[in-house]
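Encoded as structure tokens, the structure appears first; notes follow it.
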Amino acid sequence: MSRFKTTDDGVHVNIGEGELETLTNLVEQFRQLLFSGTDPNLTRLEPLACPDDPDAELQYREMAATTLLDHRLNAIDIVQTHLTELGETDEPVVADDSQVAAWMQTLNAMRLYLGERLGVAEHPDGPDAEHPEAPLFAAFVWLGGLLEELVEAAYPALPKNTDG
């Protein structure tokens, strides 16, 4: 079953029951993490705008921080609304272009956070299955699969990933 399918009225989102619960929990945990703003792994979501000028960087942060957080939280709201709707019915939820963008932004932000936390750049294969962070790596990979499937559904003209 495809979780995302393009039709004339938008992208149909249809997440199965087990995945729905997992994704709902991950999105809520991510929302809480963003509100706390204290996790150093969040820096991947907010790279330095002016790395060579601390004063300009501070001004940028003061000006943009609330707007960036609000934008990210609005995207999460859209995803959470769709997830709630999916939990209440057996029918797919239809997402328009802006809602698809919110899904992409949220899935990608969660992946970026997990990738930073897990040090994926240094350890691209992830930890051993017995390692305590193995479930986080599995979530990282799963979110990447969801994102890829959504992109392919939303933009059918793009070439498909044939790597498997």
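Which order do the peptides 143-151, 21-29, 88-96 take when ranked by the mean count of other beta-carbon atoms within 10 Å per residue, highest first? Intermediate values should be presented prior to the final figure.
Details: 143-151: 17.3, 21-29: 15.7, 88-96: 13.4.
By packing density, highest mean first, the sequence is 143-151, 21-29, 88-96.
Taken about its Cα centre, the stretch 7-164 carries a charge dipole of roughly 280 debye when the Cβ of each Lys and Arg holds +1 and the Cβ of each Asp and Glu holds -1.
With a cut-off of 12 Å between beta carbons, the residues surrounding Y60 carry a summed charge of -4, where Lys and Arg count +1 and Asp and Glu -1. For the stretch 1-142, the square roots of the Cα gyration tensor eigenvalues, ordered a ≥ b ≥ c, give a/c of at least 1.5 with a/b no greater than b/c, which places it in the oblate category. Once the C-beta distance of H71 and N41 is scaled by a Förster radius of 22 Å, the resulting FRET efficiency is 0.70 to the nearest 0.05. Around the Cα centre of the stretch 1-76, unit charges on the Cβ atoms of Lys, Arg, Asp and Glu (plus for the first two, minus for the last two) sum to a dipole of about 240 debye.
The modelled label-to-label distance between E85 and D8, using points 7 Å beyond Cα along the C-beta direction, is 1.9 nm. Using 0.36 nm per residue and subtracting the Cα-Cα separation, the extra length available between Q29 and V141 on full extension is 38.6 nm. A crude spin-label estimate for the pair A129 and D97, with each label 7 Å from Cα along the Cβ direction, gives 4.5 nm.
Computed from the coordinates by the stated procedures, all read-outs in this text should not be read as laboratory data. Note that this is a predicted model, so its numbers are computed, not measured. Please note: Cβ atoms are built from the backbone with ideal geometry, for glycine as well, and neighbour counts cover all protein chains shown.
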